[in-house]
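Right, one structure below, let's go through it.
The values are calculated or read from the model by the stated rules, or taken from the named source; none is laboratory data. If you're wondering where the values come from, they're calculated on a predicted model, not measured in any experiment. With ideal geometry, Cβ positions are generated from the backbone for all residues, glycine too; neighbour counts draw on all protein chains shown. The protein model used for the area step is the full one, side chains on, heavy atoms only, and it has no ligands, DNA or RNA in it. Shrake-Rupley method; radii C 1.70, N 1.55, O 1.52, S 1.80 Å.
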Amino acid sequence: MLTLPAELVDCLQQAPSVFIAESRAELWELALGSPGADAFDIGYDVPGRGWVKEADVVRCRNGISVNYVEDYIRRRDPDCMRIGDDLPSDKPRFRDEYGPFAPVKRQTFDWLATQDLIVVPFKAGALRYGSPSLAVVPKNTGFFACALVDLQGFVTFDELGPFAPRSLLYLAPPFRHTLFGGKQVVVHDRTDARHEIYAYNLYPGPSAKKGVFSALLDIGTHEGWLTTHASSVRVTTPYENSTIFMHEGASGGGKSEMCQDLRREADGRVLIGTNLVTGEPYAITLSESSKLEPITDDMTLVHPAIQRKGSGKIAIADAEDGWFVRVDNLTHYGEDPHLEAAIIHPSQPLIFLNMDGHVGATALPWEHISEADGTPCTNPRVIIPRNQIRGIVNEPQEVDVRTFGVRMPPCTADMPTYGVMGLLHVIPPALAWLWRLITPRGDKNPSIAAAKIADGAVLPHGGMVAEGVGSFWPFSTNTKVGGANLLLDQILDAPKTRFVLTPNQHIGAYRVGFAAEWLTREYLARRGQGSLRLGDLEPARCPLFGYTPREMKIDGQQIRGTLLRPEKQTEVGLTAYDAGAKIITDFFKAELAEFLTYDLDPFGRAIIEVLMNDGTLADYETLTPLGLS
């Protein structure tokens, strides 16, 4: 028996038709309007404007290509979330901008009741551990329904059995024109038993992708667990030792890169970095690198059902059945052969967004649709089911090393900045929690451009901006302090998982890209599940960075000590380093002050007070020992 809200029952009874797919193939054909069609335009009658086209869909050899008329709808608006209920939340309320949500909710069901509909069952959080859920979308948005099941996994009502949906997703694209002035708006309306998502735009990013993430975070808030915003990979060294890495950070912090092979030069060497002052490149020879087997790409489930009692390590599984892969970094053939092969020769047709697809032709990952100004779209996407990812790991894994990436600007004595993090830092759990509580976006992240002060002045703290609470905060409908408490519990419950910081883009005066992250992965895997001895480490000059290795040797080659301790670079020096460390420390103090409320876990308050009092690394270790001998 399916238990549905009364307003949905009425809507389905009144709708001209309701389609329930028995297979993914049926949804895929429906995306083109009718079986056998090669092209289809999606649009709606909008009062005062007539028929408005939203997107077109074309059949390619390797899938369907969906393109939106407006540049704005080709990417998620980071300010699209609104809360329609009165439950605790730190996010903007719908009523404060648009008035009560109840009348709009009623209008949404009234409009859906006039449409041919598709009803899509799915499991929020993927098939194995997910919560039975339901989506209701107009029939002319078959591609959206297909994208949803590609991300969450196709399941039938018979397979689910009797259920009351834990989350519900409703799609009503024309409302952005009639009620919201063209703006993307996604409203989350919650009760203790149900999370409803009302998506008023056709791009699936803030609804079928991140909207479901929001529902998972809400479910976890009620049940005491978290879905992390992280990638993860199993790394097997040439000596056949395996280590599980889980990588977090703000957008641009290296989540995708954690699952990528390290880049080599034409002669096979690995370029670690280039000195921006002298122009000198620094490369090493690595005869054989480790084998990478991806586990998760973006939404990493940390669910009680997969935790092994007494293991002391965090256990993870993928919260998605397919990956929403951005391919803006692919500009020509041969840049990522494994990904290109999965896209060009898939075992089942894929869904492409913002790609230059043509009827009967192969959609190519480096051919991106042009924006209105003629430049390539910066958000081309392809949805790739997990079963088409080469070497995918399907079973839950226990994390050995939990890394955190931060984009760093160049730092020199002439221009001091906060880009003073060394190549690898080992930190105690208390510091790991603080870094995730802040989640700095860092240098030249696209999100920062919109965060400039209106009068043209630059942001304080050297341009650092907090993405917040584990980097899942942009998608959470709850409170920051509530998320902080859950994150603290998760960290303290896994004392045998090692915590590491690693920079990308720059280390002092060196431009390094993501080489530091790849070398950290390679080095710690070769140490055997990230094992280190306290004698291998020495305190970093800045307490927030924990420890740095005394030396680092990979495949018999010594890594320059000036990359481990940027203050020793001739181009940086102690004065510039200390100025950069102060920027970071002041930024942390300013951002963490808002967490000091009565709702914060007392142990978390004690950690933050160490920072506020300019505590030492030893003070953090007193609260949460590093666990090395």
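Summary of values
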read-out: Selection within the range 216-252 - acidic (Asp, Glu) and either open to solvent by less than 10 Å² (accessible area, probe 1.4 Å) or closer than 14 Å to Asp318 by Cα (or both); value: Asp218, Glu248
read-out: Filtered residues of the range 494-526 (kept if open to solvent by 20 Å² or more (accessible area, probe 1.4 Å), of a type outside the set (S, T, N, Q) and more than 20 Å from Thr236 (Cα to Cα)); value: Pro495, His506, Arg511, Gly513
read-out: Positions within the range 79-103 being open to solvent by less than 20 Å² (accessible area, probe 1.4 Å) and in contact with a helix residue (DSSP H, G or I) (Cβ under 7 Å, 6 or more places away or on another chain), in sequence order; value: Cys80, Arg82, Ile83, Phe94, Phe101
read-out: Matching entry among Ala372, Ala342, Ala317 (being of a type outside the set (Asp, Glu), in contact with a helix residue (DSSP H, G or I) (Cβ under 6 Å, 6 or more places away or on another chain) and open to solvent by 40 Å² or more (accessible area, probe 1.4 Å)); value: Ala372
read-out: Selected residue (criterion: surrounded by the most Cβ atoms within 10 Å (Cβ to Cβ)) from residues of the range 575-629 that are more than 29 Å from Leu534 (Cβ to Cβ) and free of Cβ contacts under 8 Å to residues at least 60 places away in the same chain; value: Leu596
read-out: Residue, farthest from Cys80 (Cα to Cα), within the range 473-489, restricted to residues that are touching a helix residue (DSSP H, G or I) at 6+ places or on another chain (Cβ under 6 Å) and not in a helix (DSSP H, G or I); value: Asn478
read-out: Residue within the range 263-272 that is open to solvent by less than 50 Å² (accessible area, probe 1.4 Å) and under 16 Å from Ile507 (Cβ atoms) present; value: yes
read-out: The range 318-340, residues that are closer than 25 Å to Arg76 by Cβ and either basic (Lys, Arg) or without any contact (Cβ under 8 Å) to a residue 24 or more places away in the chain (or both); value: Arg326, Asn329
read-out: For His222: the one exception among (1) more than 21 Å from the chain's Cα centre (by Cα); (2) more than 21 Å from Gly468 (Cβ to Cβ); (3) free of Cβ contacts under 8 Å to residues at least 60 places away in the same chain; value: (2)
read-out: Single unsatisfied condition, Ser207 versus (1) in contact (Cβ under 8 Å) with a residue 40 or more places away in the chain; (2) within 20 Å of the chain's Cα centre (by Cα); (3) not in a strand (DSSP E or B); value: (1)
read-out: Qualifying helices (runs of 4 or more DSSP H) (wholly inside the range 128-203; at least 3 residues being surrounded by fewer than 24 Cβ atoms within 10 Å (Cβ to Cβ)); value: 157-160, 175-178
read-out: The range 69-98 residues that are within 12 Å of Asn201 (Cα to Cα) and in contact (Cβ under 8 Å) with a residue 24 or more places away in the chain, paired with ones that are of a type in the set (Val, Ile, Thr) and open to solvent by 20 Å² or more (accessible area, probe 1.4 Å) (beta carbon under 8 Å, 6 or more apart); value: Arg74/Ile369; Arg75/Thr378
read-out: Considering residues of the range 562-574 that are part of a loop (DSSP other than H, G, I, E, B) and open to solvent by 20 Å² or more (accessible area, probe 1.4 Å) only, the residue nearest to Ala525 (Cα to Cα); value: Arg565
read-out: Condition broken by Arg386, with the remaining ones in (1) touching a strand residue (DSSP E or B) at 6+ places or on another chain (Cβ under 7 Å); (2) open to solvent by 10 Å² or more (accessible area, probe 1.4 Å); (3) modelled with pLDDT under 95; (4) closer than 30 Å to Val69 by Cβ satisfied; value: (4)
read-out: Residue in the range 348-367 that is in contact with a Leu (Cβ under 7 Å, 6 or more places away or on another chain) and part of a loop (DSSP other than H, G, I, E, B) present; value: yes
read-out: Close pairs (9 angstrom Cβ cut-off, 6 or more residues apart or separate chains): within 21 Å of Asn241 (Cβ to Cβ) and open to solvent by less than 20 Å² (accessible area, probe 1.4 Å) in the range 527-545, in a loop (DSSP other than H, G, I, E, B) and among the basic types (Lys, Arg) anywhere; value: Leu537/Arg550
read-out: Among residues of the range 26-72, those that are within 18 Å of Pro173 (Cα to Cα) and in a helix (DSSP H, G or I), counted; value: 3
read-out: Selection count, the range 609-625, where residues are out of contact with any Lys or Arg (no Cβ under 8 Å at 6 or more places or on another chain), of a type outside the set (Phe, Trp, Tyr) and closer than 18 Å to Ile584 by Cα; value: 7
read-out: Strands (runs of 3 or more DSSP E) completely within the range 490-561 that count 1 or more residues being closer than 22 Å to Leu611 by Cα; value: 498-507, 537-539, 547-549
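Here is a yes/no grid of residues against (1) in contact (Cβ under 8 Å) with a residue 40 or more places away in the chain; (2) not in a strand (DSSP E or B):
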site	(1), (2)
Ala266	no, yes
Gly273	yes, no
Val277	yes, yes
Tyr282	yes, no
Glu288	yes, yes
Pro294	yes, no
Thr300	yes, no
Lys309	no, yes
Ile316	yes, no
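A quick yes/no check of all residues on (1) open to solvent by 40 Å² or more (accessible area, probe 1.4 Å); (2) in contact with a Pro (Cβ under 8 Å, 6 or more places away or on another chain); (3) over 20 Å from Thr378 (Cα atoms):
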| position | (1), (2), (3) |
| --- | --- |
| Leu330 | no, yes, no |
| Gln348 | yes, yes, yes |
| Ile351 | no, no, no |
| Met355 | no, yes, no |
